[in-house]
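A.B. asks: First the structure, then my questions, so here it is.
The values are calculated or read from the model by the stated rules, or taken from the named source; none is laboratory data. For clarity, every value in this text was computed on a predicted model and none was experimentally measured. Here the Cβ is made from the backbone with ideal geometry for all residues, glycine too, and neighbour counts use every protein chain on show. Remember, those area values only see protein heavy atoms, side chains included, never the ligands or the DNA or RNA. Shrake-Rupley method; radii C 1.70, N 1.55, O 1.52, S 1.80 Å.
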Amino acid sequence: MADRVTVIGWDGSPLTAAARSALGAATLVAGASHHLALPEVPPAAERIRLGSAALAARRIAAHRGTAVVLADGDPGFFGVVRTLRDPEFGLEVEVVPAVSSVATAFARAGMPWDDAHVVVAHPRTLRRAVNVCRAHTKVAVLTSPGAGPAELGLLMEGIHRTFVICEELGTTREQVTVVTSEKAADHTWRDPNVVIVVGGALGPGAAADGAGWIAGRDPAAGPRGWSLPAEAYGGDPGEGESDLLRTAQLARLGPRLGDLVWDIGCGGGAFATDAARGGAAVIAVDRDPDACARTEAAARHFGVQVQTVHGTAPHVLENLPEPDVVRVGGGGAAVVSAVADRRPQRIVAHAATRDAAELVGRDLKEHGYRVECALLQSVGLDTQSWTETERSVVFLLSGEIQRREAPR
């Protein structure tokens, strides 16, 4: 095992005395090609080009001597330190940090970043990173080959954002470019790069006045409650729906940061806005243009991002990006079947009769979903006289995919 392992962050500025001392004593140096070309790297040291951090960690663990790992920015922030400290390798490391590439990118853009979400985009996580960009007004994306600005722009179709693309930060080839998201796919960008994605309505969790207390979106901002009464959305929850049904649907789906939610038959936008308030990206679909307009108004009122699509399901669903969870608020078994063909993790629907519920339930089972059904009855009471004001009886169906699928 290596006698000593030092991880040195490099942001393009001259190395500190501590970094030069550690590097001068190294018998093994791992890093990217531009790190290994630094004049401070000892000529006699073994050099490892840092591609797979896990492979490099195994080489370092087997090395007899003093090892140094060079990494861009702060290696403890989405960096190599996490891999090196994995119990599999048994390495104890010392870290000489530098300014993170995210902090540098925001500095180049002249923007604060305590209110930004930071995500890492690999080919396997690109879709989830895009969903965060859809749902939030300021996001920094640490990209990788195959999951860069061009790919981000392509998957942001229908959502207008501004990209601040920072290429090769800290090097002599550093370049900062500002383009719209739809133009990002027209260029070839150099790695490594950081993309700052900004735009959309300013949400209630943003610290626009500098009074923020937590990085990212303030989870306590806005009205308390996972779902709000229909009156908060103009009193139109949707055909055949009640506030309690909507709350149960949200509980079954559990939309969260990084998810894309389809709300089919969005009505007045209550469900779509509730899901967006939880941090998820939302596409709300309705055949009624007035419903789309009401949904957009509700989203604006609460400062969240919701994309509306006017059209009739299931045909309008064909070109939408892949969902994680779906609420079918209208269209019945035919729409449920079309949704199930896209293999979201969870689907919820409701039915007014047992026959309709059985039809939807059978279809979900045939598509490989584990199905639950509950008969929900809610009775509203006037708390002055304790008399009944309204009654709702509905079948709630939820389906969860049974087969484990590879992450998308």
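A.B. asks: What about Ile264, is it modelled with pLDDT of 95 or more and touching a Gly at 6+ places or on another chain (Cβ under 8 Å)?
C.D. replies: Considered against the rule, which asks whether it is modelled with pLDDT of 95 or more and touching a Gly at 6+ places or on another chain (Cβ under 8 Å), Ile264 comes out as yes.
A.B. asks: Next up: Looking only at residues that are of a type in the set (S, T, N, Q) and buried (at least 18 other Cβ atoms within 10 Å of the Cβ) in region 286-329, which one is nearest to Gly199 (Cα to Cα)?
C.D. replies: Gln305
A.B. asks: Find the helices (runs of 4 or more DSSP H) located wholly in region 82-190 whose residues include 1 or more that are within 30 Å of Arg4 (Cα to Cα) and open to solvent by less than 40 Å² (accessible area, probe 1.4 Å), and list them.
C.D. replies: Fully inside region 82-190 and qualifying: 101-109.
Let's see how each residue does on (1) open to solvent by less than 90 Å² (accessible area, probe 1.4 Å); (2) assigned to a loop (DSSP other than H, G, I, E, B); (3) at positive phi:
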| residue | (1), (2), (3) |
| --- | --- |
| Glu358 | yes, no, no |
| Leu364 | yes, no, no |
| Val371 | yes, no, no |
| Gln377 | no, no, no |
| Gly380 | yes, no, no |
| Gln384 | no, yes, no |
| Glu388 | no, no, no |
| Leu397 | yes, no, no |
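A.B. asks: In region 226-259, which residue that is modelled with pLDDT of 95 or more and touching a Lys or Arg at 6+ places or on another chain (Cβ under 7 Å) is most open to solvent (accessible area, probe 1.4 Å)?
C.D. replies: Per the criteria, the residue is Arg252.
A.B. asks: Next question, about the same structure. Which ones in region 331-346 are within 24 Å of Ile159 (Cβ to Cβ) and either touching an Asp or Glu at 6+ places or on another chain (Cβ under 8 Å) or in contact (Cβ under 8 Å) with a residue 60 or more places away in the chain (or both)?
C.D. replies: The answer is Val335, Val339, Arg342, Arg343, Pro344, Gln345, Arg346.
A.B. asks: Let me ask something else about it. Within region 63-80, which residues are β-branched (Val, Ile, Thr) and in contact with an Asp or Glu (Cβ under 8 Å, 6 or more places away or on another chain)?
C.D. replies: Answer for region 63-80, where residues must be β-branched (Val, Ile, Thr) and in contact with an Asp or Glu (Cβ under 8 Å, 6 or more places away or on another chain): just Thr66.
A.B. asks: Applying the selection to region 30-78, what residues are assigned to a loop (DSSP other than H, G, I, E, B), under 20 Å from Pro145 (Cβ atoms) and touching a helix residue (DSSP H, G or I) at 6+ places or on another chain (Cβ under 6 Å)?
C.D. replies: Answer for region 30-78, where residues must be assigned to a loop (DSSP other than H, G, I, E, B), under 20 Å from Pro145 (Cβ atoms) and touching a helix residue (DSSP H, G or I) at 6+ places or on another chain (Cβ under 6 Å): Leu50, Gly73, Pro75.
A.B. asks: Just a yes or no: is a residue in region 330-345 part of a strand (DSSP E or B) and at pLDDT 95 or above?
C.D. replies: No.
A.B. asks: Now for a separate question. Assuming Ala280 fulfils every condition listed in (1) at pLDDT below 95; (2) open to solvent by less than 20 Å² (accessible area, probe 1.4 Å) apart from one, which condition is it?
C.D. replies: The failed condition is (1).
A.B. asks: Out of (1) out of contact with any Asp or Glu (no Cβ under 7 Å at 6 or more places or on another chain); (2) at pLDDT below 95; (3) under 19 Å from Ala291 (Cα atoms), the odd one out for Leu317 is which?
C.D. replies: It is condition (2) that Leu317 fails.
Results for (1) closer than 17 Å to Val95 by Cα; (2) open to solvent by 60 Å² or more (accessible area, probe 1.4 Å); (3) at pLDDT 95 or above; (4) not aromatic (Phe, Trp, Tyr), shown as yes or no for each residue.
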| site | (1), (2), (3), (4) |
| --- | --- |
| Asp3 | yes, yes, no, yes |
| Asp11 | yes, no, no, yes |
| Leu15 | yes, no, no, yes |
| His34 | no, yes, no, yes |
| Leu38 | no, no, no, yes |
| Arg47 | no, yes, yes, yes |
| Arg64 | no, yes, no, yes |
| Leu70 | yes, no, yes, yes |
| Gly73 | yes, no, no, yes |
